[in-house]
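So the structure is just underneath, and the comments pick up after that.
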Amino acid sequence: MKKPFHIVILGAETPVGKAVTEQAQAQEISFHAIHTTDWDLTDLNKLQVKLNELEPQFVVNCIFLGVGGVTVNIASVLSQCCSALNIALVQLSSNHVFANQDGEIFSENDEPEPQTEKGQQVLAVERAIRSSLEKHILLRIGWLFSSQGEDEVSKLLDLAQNNTSLALSDSKFLCPTSACDIAAVLLAVVHQCRYAKLWGTYHYCSAEITTLYKFAEVVVAEARQYEDLKVESISADASSEMNSLFSESSPKLVTKKILYTFGIKPKPWRQALSRILKKRYRNK
C-alpha cells in the first residue's frame, strides 16, 4: 500500500517557513511544522528517530544557511539522515555564494567564489548537502521581504517613520522577492519532484530588477495608505550612510533553469509587496 504524501517543514517560524506552512495547509498537504529550536539538528541519532517516526517524503528546510542558521555540521547530519531514510531534502539557499564576485548576473552554471564570510559559509553548506545526498534541491534566492520579522521592508519603514528625508542608493541593484512567492515555488518544486528526478541547484528571484532608492519609493507610497509617515522626501545618494543598513551585495540571478525544468515563472514584486504591507498593518 502506497504511503500518503507527507512533508516536514523545518524553520516553520521563519518568514518563508510560515508561508510554506500556510500554503501547505491551504493546499491540504499533509505536513509537520517544526520550529528551529524544536529539534536538535546536530544529533544524528535523535534526528533520524524523529524523521523515521514522521515518515515524510520530503523535508523542506526554510532555515537559512550560514551565520546563525544551518551550519556545515547541521547540513551534514540532516543530509545523512535523509539519505538513510530515502527522504528528499529541499533546502533554501541564497545568492550570497556570489557575493562580491565580478559579474552582472549569475546562473547555476557559474562557479561561486564568494569574497564574504557569509557567502563562504553558505557555499560550504551547499557542498556538504551535495556530497551526502543525491535527492536534494538547493533553491538560491536573493533579497527577501515578508509580512513579519526584521527584514529590509521593516528597515525602510523604520527610517520613513523616524526621518524627514531618506537618501538611498540608486546604483545598488536588487531583485526583492517575497516570502509567499518563495513558498509557492518550494511547494511547486516538491510536487513535481514526486514524479521525476529533478534534483540539483536552482535560482529564483522576482521578475523586476530595481534599486534600493526606487524600492523605498514604492514601500513608502504603499505604507502611506495605512499610516502618516514622518518622511517628506526620498533622494538618490549612493554615498549616504543609510545604505549601510542594507545588504552590501545582492547579486542578480538567472532564473531560466527553474523555468525550463519546472515551468516556474518569476513573479513581479510590486503586487506581493502591496499584499504583504496590507498584512503587516492588519496584524498590528
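A short reminder: the numbers here are calculations on the coordinates, not readings from a lab. All values reported here derive from a predicted model rather than from experimental measurement. Positions of Cβ are generated from backbone atoms using ideal geometry, with glycine treated the same way; all protein chains shown enter the neighbour counts.
Whole number please: convex hull volume per residue, Cα atoms of the range 97-196, in Å³. Could the numbers behind the result be given before it?
Details: hull volume 14.4 nm³, N = 100.
For the range 97-196, the hull spanned by Cα atoms encloses 144 Å³ per residue.
Report the one residue of TYR226, ALA19, ALA124 whose Cα lies farthest in the direction of the positive end of the charge dipole of the chain (charges on C-beta: Lys and Arg +1, Asp and Glu -1; origin at the Cα centre).
Positive-end residue among those listed: ALA19.
Applying 1/(1 + (r/R0)^6) with R0 = 25 Å to the Cβ-Cβ distance of TYR260 and ARG194, what FRET efficiency is obtained, to the nearest 0.05?
It comes to 0.85.
List the relative contact order of the chain as a percent without decimals, with contacts defined as Cα pairs under 8 Å and 6+ residues apart.
This gives 20 percent for the chain.
Any chance you could check the Cα centroid distance between the range 249-265 and the range 1-70 for me, in angstrom?
Taking the Cα centre of the range 1-70 as reference, the centre of the range 249-265 is 24 Å away.
Considering only GLU150, GLU22, GLU13, give the residue with the highest GNM mean-square fluctuation for the chain, with springs between Cα atoms whenever their separation is below 10 Å.
Highest fluctuation of the listed residues: GLU150.
Calculate how large, on average over all directions, the projected area of the Cα convex hull of the range 1-91 is; give the answer in nm² to one decimal.
5.7
Give me Rg/Rg_expected for the chain, where Rg uses Cα atoms only and Rg_expected = 2.2 N^0.38 Å with N residues.
That ratio works out to 1.02.
Can you tell me which of ILE105, ILE141, ILE129 moves the most in a GNM of the chain? Springs connect C-alpha atoms under 10 Å apart.
ILE105
Can you sort ILE209, ILE182, ILE87 so the residue with the fewest Cβ neighbours within 10 Å comes first?
ILE209, ILE87, ILE182
Who wins for biggest fluctuation among LEU229, LEU253, LEU186 in a Gaussian network model of the chain, springs between alpha carbons below 10 Å?
Of LEU229, LEU253, LEU186, the most mobile in the Gaussian network model is LEU229.
Could you give the Stokes-Einstein D for the range 174-284 in µm² per second, using the C-alpha Kirkwood radius, 4 °C, 1.567 mPa s?
80
According to the Cα gyration tensor, what semi-axes, each the square root of 5 times an eigenvalue, does the equivalent ellipsoid of the range 220-282 have, listed from largest to smallest in whole Å?
29, 21, 9
Starting from 0.36 nm per residue, how many nanometres of slack lie between GLU22 and SER154 once their C-alpha separation is accounted for?
Taking GLU22 through SER154 to full extension adds about 45.4 nm, to one decimal.
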